[in-house]
Amino acid sequence: MERKPVYVGSPVSGAPYTPGITAGGMVFVSGQIPIHAESREIEREDFENAVRLCLQNVKAVLQAAGSDLEHCVKVVVFLADMNNFARLNKVYSEYFGEIKPARSCVQVARLPLDVDVEIEAVAIIP
């Protein structure tokens with residue numbers, strides 16, 4: 001099975017991973033943190049905006065691979081604080097259609113760059 005990397009903009013300098021990989025008619029998106037693609041600034045002030053930014057970054061990788069959020073089959077959310085679960089769900093529900101992807105959500109001790117949320121996804125390439 002052939003694997004192809006998926007990049008959005010310029011690759012992350014020195015990072016030992018690929019933002020996305022296509023294989024077997026699917027795209028696997030690495031965990032996306034709330035970082036603005038253009039400015040490389042991290043959203044730290046507003047949790048809801050951080051979730052939106054993570055999902056926009058996931059969406060960008062999916063689109064670069066020829067897919068979209070509607071074709072997601074699995075999402076994993078990592079939270080620094082599970083007390084933000086309801087806030088996550090409020091924003092998250094805005095991004096997916098009638099059939100929501102399977103999802104896991106876990107609290108972790110620490111996320112990259114000390115962000116509050118990270119989201120990864122798997123989607124079908126239509």
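For this structure, a couple of remarks:
- Considering region 7-32, the residues that are at pLDDT below 95 and of a type in the set (Val, Ile, Thr) include one that is nearest to Pro112 (Cα to Cα), namely Val12.
- The residues of region 91-102 that are within 16 Å of the chain's Cα centre (by Cα) and loosely packed, with under 15 Cβ neighbours inside 10 Å, listed by number, are Ser93, Glu94, Lys100, Ala102.
- Verdict on Ala15 being more than 19 Å from Leu111 (Cα to Cα) and either touching a Gly at 6+ places or on another chain (Cβ under 9 Å) or of a type in the set (A, V, I, L, M) (or both): no
- Scanning region 31-85 for residues that are out of contact with any strand residue (DSSP E or B) (no Cβ under 6 Å at 6 or more places or on another chain) and of a type in the set (A, V, I, L, M), we see that the one that is surrounded by the fewest Cβ atoms within 10 Å (Cβ to Cβ) is Ala37.
- Qualifying residue in region 73-90 (condition: polar (S, T, N, Q) and within 25 Å of Gly24 (Cβ to Cβ)): no
- Test result for Leu88, outside any loop (DSSP other than H, G, I, E, B), touching a helix residue (DSSP H, G or I) at 6+ places or on another chain (Cβ under 6 Å), of a type in the set (A, V, I, L, M) and surrounded by 11 or more Cβ atoms within 10 Å (Cβ to Cβ): yes
The values are calculated or read from the model by the stated rules, or taken from the named source; none is laboratory data. Bear in mind the structure is a predicted one, so any value in this text is a computation, not a measurement. Ideal geometry is used to build each Cβ from the backbone, glycine not excepted, and the neighbour counts take in all protein chains shown.
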